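Novice: Here it is, the structure in full.
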Amino acid sequence: MAQVEATTERVFAANADRVFDALSDYRTTRPKLLPEQFSEYEVREGGDGAGTLVHWKLQATSKRVRDCLLDVGEPTDGELVEKDRNSTMVTTWRVTPAGEGRSRAVVTTTWQGAGGIGGFFERTFAPKGLGRIYDSVLDRLAAEVEK
């Protein structure tokens, strides 16, 4: 098994605090950011950054659905880490200033992939597919914070 990684980033015409606050609001804002690949979204504990427990199903392909139960942490300023209790998947959101009134958000998801030929295809294609999903999330985030 090899680690699989997918990274996507975007620069926003909004300050870092505004972008981070939107991402860490799992009750109101985060559900608005999720495209059709996410379903059964539910905040089970907390709802604002660290200490949040959130559930969703992620349908990465027509055949692949992950049932995710995520613990949210904030190990450093401007960073959210979502650790899935049901798998090795970890998603890290980092928001940093990028000039006057601008910020950059980088989202990185890692997990232990399958072995063999299936693992080869997973390492080759899954990052691109997940990148497209997170591009859509970041598009929606831009619409939310750049109002």
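Novice: Averaging over every viewing direction, what projected area does the convex hull of the Cα atoms of the chain cover, in nm²?
Specialist: Mean projected area of the Cα convex hull: 8.3 nm².
Novice: What does the accessible area per residue of the chain come to in Å², with a 1.4 Å probe and no ligands, DNA or RNA counted?
Specialist: In whole numbers, the chain has 52 Å² accessible per residue.
Novice: Once phi is turned into ³J(HN,Hα) by the Karplus curve 6.51 cos²θ - 1.76 cosθ + 1.60 with θ = phi - 60°, what whole-Hz value does each residue of the range 68-77 show in order, with x for glycine and proline?
Specialist: Working through the residues one at a time gives 10, 10, 10, 8, 9, x, 10, x, 9, 4 Hz.
Novice: Taking only the alpha-carbon atoms of the range 1-84, what semi-axes of the equivalent ellipsoid follow from 5 times the gyration tensor eigenvalues under a square root, in whole Å, largest first?
Specialist: Working through the eigenvalues yields semi-axes of 21, 16, 14 Å.
Novice: Using a Gaussian network for the chain with springs between C-alpha atoms less than 10 Å apart, which of these wobbles most: Thr29, Thr92, Thr109?
Specialist: Thr29
Novice: Please report, as a whole percent, how much of the solvent-accessible surface of the chain comes from carbon and sulfur atoms (probe radius 1.4 Å).
Specialist: Carbon and sulfur together cover 48 percent of it.
Novice: Another question, then. In deg cm²/dmol and to the nearest 500, what is the mean residue ellipticity at 222 nm of the chain if only DSSP H runs of at least 4 residues count, each as -39500 (n - 2.57), divided by the residue total?
Specialist: Result for the chain, helices only: -10000 deg cm²/dmol.
Novice: Once phi is turned into θ = phi - 60°, what whole-Hz ³J(HN,Hα) does the Karplus curve with 6.51, -1.76 and 1.60 give for every residue of the range 27-39, x standing for Gly and Pro?
Specialist: 7, 10, 7, 4, x, 5, 8, 8, x, 5, 6, 9, 9
Novice: Now, a different point. When all protein chains stay in place, what accessible area (Å², nearest 10, 1.4 Å probe) is found for Arg64?
Specialist: Arg64 exposes around 110 Å² with every protein chain in place.
Novice: While we're looking at this one, here's another question. Could you pull out every one of the aspartates and glutamates with an alpha carbon less than 16 Å from that of Lys57, ignoring same-chain neighbours closer than 8 positions?
Specialist: Glu36, Glu40, Glu42, Asp67, Asp71, Glu82, Asp84
Novice: Given H placed on each backbone N at 1.01 Å, which residues far from Thr52 in sequence or on other chains put an amide H within less than 5 Å of it?
Specialist: Here Gly47, Val72 satisfy the definition.
Novice: If you plug each phi of the range 102-113 into the Karplus form 6.51 cos²θ - 1.76 cosθ + 1.60 with θ = phi - 60°, what whole-Hz ³J(HN,Hα) values come out, in order, with x for Gly and Pro?
Specialist: 10, 8, 10, 10, 10, 10, 10, 10, 10, 7, 7, x
Novice: Next question, about the same structure. Given H placed on each backbone N at 1.01 Å, which residues far from Thr88 in sequence or on other chains put an amide H within less than 5 Å of it?
Specialist: The answer is Gln112.
The values are calculated or read from the model by the stated rules, or taken from the named source; none is laboratory data. Because the structure is a prediction, the values reported are computed rather than measured. Surface areas here come from the heavy atoms of the whole protein model, side chains and all, with no ligands, DNA or RNA. Shrake-Rupley method; radii C 1.70, N 1.55, O 1.52, S 1.80 Å.
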